[in-house]
Amino acid sequence: MLSCKQVTEVCSAELERPLKLGEQMSLKAHLMMCSGCTNYRRQMKTLRQVMQAYAEGKAIGEPPPTEQGDGRS
Amino acid sequence: MQGISAEALLSLRADMLRFAQIQLRNSDAAEDLVQESIEAALRKLSSFAGQSTLKTWVFAILRNRIIDHLRQASRTVTLSSLVNDDEDWQESLEALFNERGGWRDGPRPVSWPDPEQSMQTRQFWAVFETCLDHLPAATGRVFMMREFLGFESDEICSQLGITTSNCHVILHRARLKLRTCMDTGWGRPEVASC
């Protein structure tokens with residue numbers, strides 16, 4: 001049985017290489033019972049999505065909404 | 001093709017600089033590459049067909065230059081800096097997981113807000129850039145090569161002369177740290193009160 005800590009490693013590995021069958025099964029079994037890791041895995045996908053947007057230069061150049069100066073610049 | 005002015009191009013300069021700086025962590029190199037990219041874009045302006053936005057097009061030029069630069073310079077990341085890069089790694093892990101490797105209650109991941117919506121806000125990107133910047137330097141470099149510049153992890157490993165499993169460990173650390181930082185700064189900023 002994988003621990004949550006190990007699951008976070010598998011969630012990173014699956015972004016680098018196809019998981020082995022055993023890894024897939026253990027991951028699935030763990031995720032069925034663990035909402036924390038299910039959220040973590042989704043967050044990994046979000047990070048990749050955000051990074052792709054960033055790499056395409058989508059991040060920036062939004063004209064800053066009119067902010068009340070918070071005193072820092 | 002309607003005129004794309006040189007001014008429009010130059011207005012992207014600050015964004016380009018920040019982008020290059022975060023990936024290179026070297027302001028001289030970032031300046032140089034941004035300058036070269038702007039010049040290249042100006043020369044090729046007539047070939048900008050307008051299927052993408054000007055910004056996307058210019059950033060693609062910049063990204064290619066950064067990739068070339070990193071390919072040439074990757075030897076400058078020393079192995080020792082990779083190994084010793086992340087001294088507080090054990091502490092980070094202990095903060096997240098109990099002795100049996102389960103999530104501690106506070107840090108246990110909860111759902112994040114819709115990223116599509118957040119990505120429209122400048123605040124979101126400010127947090128994101130800060131978090132990237134806070135990755136340990138060599139770790140951050142490997143991560144950028146992988147995620148922003150699209151190197152395959154095999155290529156990164158062989159360029160840096162490290163094993164695939166080491167490379168994956170470094171990427172895992174980067175992701176876990178970035179996630180923790182984004183979680184605090186954006187995912188659930190109100191968590192402190194729970």
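The values are calculated or read from the model by the stated rules, or taken from the named source; none is laboratory data. Every value quoted in this text rests on a predicted model; they were computed, and no experiment measured them. With ideal geometry, Cβ positions are generated from the backbone for all residues, glycine too; neighbour counts draw on all protein chains shown.
Considering B:156, B:162, the condition of being more than 14 Å from the chain's Cα centre (by Cα), in a loop (DSSP other than H, G, I, E, B) and modelled with pLDDT under 90 is satisfied by B:162 alone.
Which of the residues belonging to the range B:111-152 are more than 15 Å from the chain's Cα centre (by Cα) and assigned to a helix (DSSP H, G or I)? Once the filter is applied, which keeps residues that are more than 15 Å from the chain's Cα centre (by Cα) and assigned to a helix (DSSP H, G or I), the range B:111-152 yields B:115, B:116, B:117, B:118, B:122, B:123. Looking at chain A, the helices (runs of 4 or more DSSP H) lying wholly inside it that each contain 1 or more residues that are under 19 Å from residue B:93 (Cα atoms), within 8 Å of chain B (Cβ to nearest Cβ) and modelled with pLDDT of 85 or more sit at A:4-13, A:35-55. Could you tell me which residue of the range B:111-148 is modelled with the lowest pLDDT, considering only residues that are closer than 15 Å to residue B:18 by Cα and among the hydrophobic types (A, V, I, L, M, F, W, C)? Per the criteria, the residue is B:148.
Checked against (1) under 26 Å from residue A:55 (Cα atoms); (2) in contact (Cβ under 8 Å) with a residue 40 or more places away in the chain, residue B:96 meets all criteria but (1). Taking the range B:1-65 as the region of interest, the helices (runs of 4 or more DSSP H) fully inside it that hold 3 or more residues being modelled with pLDDT of 85 or more are B:13-24, B:27-43. Identify, please: which residue in the range B:108-128 is in contact with an Asp or Glu (Cβ under 8 Å, 6 or more places away or on another chain) and surrounded by fewer than 16 Cβ atoms within 10 Å (Cβ to Cβ) and is, among those, nearest to the other protein chains (Cβ to nearest Cβ)? Ranking the qualifying residues of the range B:108-128, first place goes to B:122. For the range B:129-180, the set of residues classified as under 22 Å from residue A:57 (Cβ atoms) and away from every other protein chain (no Cβ under 11 Å) consists of B:130, B:133, B:134, B:135, B:140, B:141, B:142, B:145, B:151, listed by residue number. Between B:92, B:81, the distinction of being modelled with pLDDT under 90, more than 9 Å from chain A (Cβ to nearest Cβ) and touching an Asp or Glu at 6+ places or on another chain (Cβ under 9 Å) belongs to B:92 only. The set of residues in the range B:100-110 being modelled with pLDDT of 95 or more and over 13 Å from residue B:187 (Cβ atoms) consists of B:100, B:101, B:102, B:103, B:104.
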